[in-house]
Amino acid sequence: MRDGTVIELGAETLIITSDNSGAIGMKEQDHVAVPYDVVSYYAFRVAVMENIALGGVPVSVVMHNFCGDREWEALVSGVERGKRELGFNHEITITGSSETNMPMLQSALGVVVVGKRKDELPEVRLDDATKFAVIGKPLVGDKVVKEASEIAPLDLFCWISEQDGVQAVLPVGSKGILYELNELVEEDVEVEERMVRAELDLYKSSGPATCFIVAYDGGLENHLRKRAGLHFNRVEIVGGQARA
């Protein structure tokens, strides 16, 4: 079960995904101090990666702004940055609303991405032909800013998702790599910690999707390694057992 809502509308299928950000911004009581274009960029990043992972092509972005009416343009700027990195040649509209009646002591933002499904999702099976990797490094809080070079680029995520031989991609969220591996593989199999060989922390939060998992045909590995460079982290899953 992946994050997001799938809605069938006749011949088309909508994919709706979202992300929230709280106490991150430029207010005095925020826990992490960053400009608002950075806040919106990372919130959009999470929602759009989840949309693409579900087979969607993003067409619209909706923002729920509790940072302040004056911050709207900066928030839009962050989403525009993400749109440029995706490199899509179709329009992605931006709309939303700002809370202007009640001032907030801390910053808060909600981002919704609406997309149209272009591809059905295949089932990712645990067999000798399927390989796994994590692209990027799990980071959260201040480390997202301090270790930005470790974050998987958004254009890299988009490129990998479009390669023949890639079975699926899935951004890693606050529950960590091991949780997302179980979201990715076939429903009747459970991946346990003892089965996974990786150099990354399997439980660490990846915050605003600073890394993502890719399942791919083994013959594609060199192609992916060449493009991902130091962001490529091989993950090996040994065995597998049916869920109770």
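The values are calculated or read from the model by the stated rules, or taken from the named source; none is laboratory data. Note that the coordinates shown come from a computational prediction; the quantities given were computed from them, not determined experimentally. Here the Cβ positions follow ideal geometry from the backbone for every residue, glycine too, while neighbour counts run over all protein chains shown.
So which residues in the stretch 78-100 are of a type in the set (Gly, Ala, Ser), within 19 Å of the chain's Cα centre (by Cα) and not in a loop (DSSP other than H, G, I, E, B)?
Kept after step one, since they are of a type in the set (Gly, Ala, Ser), are these residues of the stretch 78-100: 78, 82, 87, 96-98.
Subsequent filtering for residues that are within 19 Å of the chain's Cα centre (by Cα) retains 78, 82, 87.
Hits for the stretch 78-100 are 78, 82.
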Looking only at the stretch 101-122, how many residues end up being surrounded by fewer than 18 Cβ atoms within 10 Å (Cβ to Cβ) and not in a strand (DSSP E or B)?
11
Of the residues in the stretch 123-174, those that are of a type in the set (S, T, N, Q) and not in a strand (DSSP E or B) number 4
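Among the residues of the stretch 122-149 satisfying the criterion of being aliphatic (A, V, I, L, M) and farther than 14 Å from residue 32 by Cβ, which is modelled with the lowest pLDDT? Steps first, answer last, please.
Going residue by residue through the stretch 122-149, those that are aliphatic (A, V, I, L, M) are 124, 126, 129, 133-135, 139-140, 144-145, 148.
Filter once more, so that each one left must be farther than 14 Å from residue 32 by Cβ: 124, 126, 129, 133-135.
Numbers: 124: 87, 126: 84, 129: 88, 133: 97, 134: 98, 135: 98.
Per the criteria, the residue is 126.
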Every residue from the stretch 8-36 that is among the hydrophobic types (A, V, I, L, M, F, W, C) and closer than 24 Å to residue 186 by Cβ:
15
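Collect the residues in the stretch 3-13 that are surrounded by fewer than 16 Cβ atoms within 10 Å (Cβ to Cβ) and in contact (Cβ under 8 Å) with a residue 24 or more places away in the chain, keeping them in residue-number order. Explain how you work it out, then say what you get.
First pass over the stretch 3-13, keeping only residues surrounded by fewer than 16 Cβ atoms within 10 Å (Cβ to Cβ): 5-12.
Across the stretch 3-13, the qualifying residues are 6, 12.
Quick test for you: out of 200, 224, 178, pick the one residue that is in a loop (DSSP other than H, G, I, E, B), assigned by TED's automatic domain parsing to the domain that holds residue 138, among the aliphatic types (A, V, I, L, M) and surrounded by 14 or more Cβ atoms within 10 Å (Cβ to Cβ). Give the derivation first.
Numbers: 224 fails: in a loop (DSSP other than H, G, I, E, B); 178 fails: in a loop (DSSP other than H, G, I, E, B).
From the options 200, 224, 178, the qualifying one is 200.
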